[in-house]
Amino acid sequence: MKTIDLRSDTVTKPTPEMLVAMSSAPLGDDVYGDDPTVNELEKVAAEMMGKEDSLFVPTGTMGNLIAVMAHTTPGQEIILEASSHIYLYEVAGIARLAGVQARTINGNRGEMRPEDIENSIRKEDIHFPETSLICIENTHNMAGGRVIPLENMAEIQELAKAKSIPVHLDGARIFNAAAYLETDVKEIASKVDSLMFCLSKGLCSPVGSMLVGSTDFIEKARKLRKLLGGGMRQAGILAACGLVSLKEQTKQLPKDHENAATLVESLYETGFFDVSIDNTHTNIINARLTAPGWTAPKFVGAMKESGVLANARTEEVIRFVTHKDVTLEDIEEAVVRMSQILKA
Ligand code: TLP
């Protein structure tokens, strides 16, 4: 029985082209700045995002943490959405390692209202920390891969500029957002000062994320990466995959989105899930299980027995993620197996 893994797009295996690229990549010691393949990836990523420079980092978590550290000093405060990945899923690195305090805003499906941000920006007062960064997430993971509208990002940018506060984007899946909006990633990146995006999710690289921003920001970030133990040596074997991700794998994302839409329809038709096609913009689905007698964790356990993997978000909600390594046929098969369990 084939295992159908819908837990995350992080489970994607490198493509055959990546394996070839890895084996022939020119290499050097990247801490000395000598790895031609890493240098090439950093150049290409910066150009694609329309920014001055970029930095190859091992993970999205490290990229976000470095961004927060580069934009702030310990004791300051940063504004971020209450269900953002940085706040919920990065082991409180911003508190523990960057030494900043999080000021969260309850968004509407991940989208923060500029007026709420404005009300949260600290005034000068002997009691207050300084607000030194605003973070946005697009696509928004907890909001089921929702794309935050460019208009909202532009409003936040305008406010932040007026207050001289930088904006960082957790753009782990920025290429999914661009595919949904049918726009260039540059358009999204133009709304922020810095951004992180992942090569290792839907873009199928085995390892790696990019941190992108101004020359000064990346210079600081490079030293912070060393501080955090992320200075890698012949990292070109990984960067070679990243170049394939950027050249080839971005083309896969519309297919992943189509497959997610099919999965939503099929889950809806079973009558056991509350899901909405309108809420499914990209490759992440939040499906509320309504079948009597089941909780999401219990059902995820039963699914595993029948070779279908997904994650329970809460007692009721299951997250399904589509990606290159699940085909349309796999999705149909997964729904058949799920229905069998629920009808038994
Ligand atoms: N997300 C992973 C898990 O950590 C939940 C996933 O399977 O979705 N920003 C966003 C929006 C993310 O979704 C993730 C990873 C990260 C940052 C962190 O990236 P990594 O895993 O490379 O540290």
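The values are calculated or read from the model by the stated rules, or taken from the named source; none is laboratory data. Just so you know, these numbers come straight off a predicted model, no measurement behind them. Positions of Cβ are generated from backbone atoms using ideal geometry, with glycine treated the same way; all protein chains shown enter the neighbour counts. Note: areas computed on protein heavy atoms with side chains; ligands, DNA, RNA excluded. Shrake-Rupley method; radii C 1.70, N 1.55, O 1.52, S 1.80 Å.
DSSP beta bridges in region 133-230, what fraction antiparallel, as a percent rounded to 5?
Working: 5 of 12 bridges.
Approximately 40 percent, going by the DSSP bridge assignments.
With runs of 4+ DSSP H residues as the only contributors, calculate the mean residue ellipticity of the chain at 222 nm using -39,500 (n - 2.57) per run, divided by the residue total and rounded to the nearest 500.
Numbers: 14 runs with 145 residues, N = 344.
Computed ellipticity for the chain at 222 nm equals -12500 deg cm²/dmol.
Can you give the angle from 0 to 90° between the axis of helix 236-247 and the longest principal axis of the chain, with both taken from C-alpha atoms, to the nearest 10?
So the inclination is approximately 70 degrees.
Calculate the radius of gyration of the Cα atoms of region 1-132 to one decimal place, then report Dmax, the largest Cα-Cα distance, as a whole number, both in Å.
Here Rg and the maximum Cα pair distance are 19.6, 64 Å.
How many Å² of accessible area per residue for region 192-319, probe 1.4 Å? The partial results should precede the final answer.
Numbers: 5270 Å² over 128 residues.
That works out to 41 Å² per residue.
Give the percent of DSSP beta bridges with both residues in region 14-248 that are antiparallel, rounded to the nearest 5. Don't skip to the end; give the middle numbers.
Working: 11 of 26 bridges.
Antiparallel bridges: around 40 percent, rounded to the nearest 5.
Output needed for region 204-307: three equivalent-ellipsoid semi-axes, defined as square roots of 5 times the C-alpha gyration tensor eigenvalues, in descending order, whole Å.
Over the Cα atoms of region 204-307, the semi-axes work out to 39, 18, 15 Å.
If we restrict to alpha carbons, what Rg and Dmax does region 152-272 come to, in Å?
17.4, 54
Just the Cα atoms of region 87-150: what Rg and Dmax do they give in Å?
Computed over the Cα atoms of region 87-150, radius of gyration and Dmax are 13.3, 40 Å.
Counting only protein heavy atoms and using a 1.4 Å probe, what share of the accessible area of the chain belongs to carbon plus sulfur, as a whole percent? Don't skip to the end; give the middle numbers.
Numbers: 7680 of 15020 Å².
That fraction is 51 percent.
Whole number in Å², please: accessible area per residue of region 93-162, 1.4 Å probe, ligands, DNA and RNA not counted. Can you show the working numbers first?
Numbers: 3540 Å² over 70 residues.
In whole numbers, region 93-162 has 51 Å² accessible per residue.
Going by Cα centres, region 92-144 and region 283-322 are how many Å apart?
About 30 Å separates the Cα centre of region 92-144 from the one of region 283-322.
Can you give me the relative contact order of region 14-248 as a percent, contacts being Cα pairs under 8 Å and 6 or more apart? Walk me through the numbers on the way to the answer.
Details: 465 pairs, mean separation 74.9, N = 235.
Value for region 14-248: 32 percent.
What are the semi-axes of the equivalent ellipsoid of the chain, taken as the square roots of 5 times the eigenvalues of the Cα gyration tensor, listed largest first and rounded to whole Å? Write out the running numbers ahead of the final one.
Details: eigenvalues 223, 140, 56 Å².
Working through the eigenvalues yields semi-axes of 33, 26, 17 Å.
Out of Gly33, Gly93, Gly231, any idea which swings most in a Gaussian network model of the chain, alpha carbons joined below 10 Å?
Looking only at Gly33, Gly93, Gly231, the largest GNM fluctuation is found for Gly33.
I'd like to compare 118-130, 184-196: which one has the highest average count of other Cβ atoms within 10 Å, and what's the full order after that? Let's see the in-between values first.
On the way: 118-130: 10.7, 184-196: 21.7.
The densest-packed peptide leads the list: 184-196, 118-130.
Using every pair of alpha-carbon atoms in region 66-209, split the distances into 5 Å bins beginning at 0 and state the percent of pairs per bin, rounded to integers.
2, 10, 20, 24, 22, 13, 6, 2, 1, 0
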